[in-house]
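Input: a single structure, listed below in structure tokens.
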């Protein structure tokens, strides 16, 4: 497991952070309480449990909302509450190196958001935490989509753009589709359009961003239909 984590294509600060997680060496409230630095080890965000490393990163309600914005949500729904090392051991048997790198980056972003709440009382929306993690991915491609509902002509405008890790557009496409569709259906159609473009140009996508929890839930479901 150590070699798999240490060889990931992620920023050094994230790699070191993940290593510290596995050593139970991050300053969770449980660890600080053991060292008599804080008087109460309970999670400041949910207050429902002692804030161990695994609770802060995986099981706290706020953390779960972040995981709900990507396919790892289904992974956690099938997983019992287990320690950090068990999470990584199980995950290593299910994902490739790119997916593992993405998982580590989201974990790092969740911890940073936790620190922001603990120190300043400020927490980002779950999707913004995920987007922050995505910005750290190096050399990977991301799909963004946009939908415009045109009720006056009973049509929707679909837009898709594939960007590199610096935000530069590699290729983009837009089209008008006739028919009356819900916003949710429109977002799914735009995503489908973007994936068709990627397939046509033989582009391997790493991330597809969506700005709707309901759409993310559909995509992350093991049996959406």
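Among the conditions (1) touching a helix residue (DSSP H, G or I) at 6+ places or on another chain (Cβ under 9 Å); (2) outside any loop (DSSP other than H, G, I, E, B); (3) under 24 Å from residue 4 (Cβ atoms), residue 62 misses just one, which is (3). Of note, residue 74 satisfies the criterion of being touching a residue at least 12 places away in the same chain (Cβ under 8 Å), under 23 Å from residue 206 (Cα atoms) and surrounded by fewer than 22 Cβ atoms within 10 Å (Cβ to Cβ).
Here is a list: 16, 10. Which entry is in contact with a helix residue (DSSP H, G or I) (Cβ under 9 Å, 6 or more places away or on another chain) and either in contact (Cβ under 8 Å) with a residue 60 or more places away in the chain or not in a loop (DSSP other than H, G, I, E, B) (or both)?
Numbers: 16 fails: in contact with a helix residue (DSSP H, G or I) (Cβ under 9 Å, 6 or more places away or on another chain).
Going through 16, 10 in turn, just one is in contact with a helix residue (DSSP H, G or I) (Cβ under 9 Å, 6 or more places away or on another chain) and either in contact (Cβ under 8 Å) with a residue 60 or more places away in the chain or not in a loop (DSSP other than H, G, I, E, B) (or both): 10.
Each row is one residue, and each column tells you yes or no for (1) surrounded by fewer than 16 Cβ atoms within 10 Å (Cβ to Cβ); (2) farther than 25 Å from residue 76 by Cβ; (3) touching a strand residue (DSSP E or B) at 6+ places or on another chain (Cβ under 7 Å).
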position: 109; (1), (2), (3): no, no, no
position: 127; (1), (2), (3): no, no, no
position: 141; (1), (2), (3): no, yes, yes
position: 144; (1), (2), (3): no, yes, yes
position: 168; (1), (2), (3): yes, yes, no
position: 194; (1), (2), (3): no, yes, yes
position: 207; (1), (2), (3): no, no, yes
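Annotation note: Cβ proximity below 6 Å between a residue of region 150-173 that is assigned by TED's automatic domain parsing to the domain that holds residue 187 and free of Cβ contacts under 8 Å to residues at least 12 places away in the same chain and a residue that is in a strand (DSSP E or B) and loosely packed, with under 11 Cβ neighbours inside 10 Å (sequence gap 6+ or interchain) occurs for no pair.
For the criterion of being closer than 30 Å to residue 65 by Cβ, within 25 Å of the chain's Cα centre (by Cα) and either free of Cβ contacts under 8 Å to residues at least 60 places away in the same chain or part of a helix (DSSP H, G or I) (or both), residue 189 passes.
The values are calculated or read from the model by the stated rules, or taken from the named source; none is laboratory data. Since we're looking at a predicted model, the values are computed, not measured. Because the Cβ atoms are built from the backbone with ideal geometry, glycine has one as well, and the counts that use them run over all protein chains shown.
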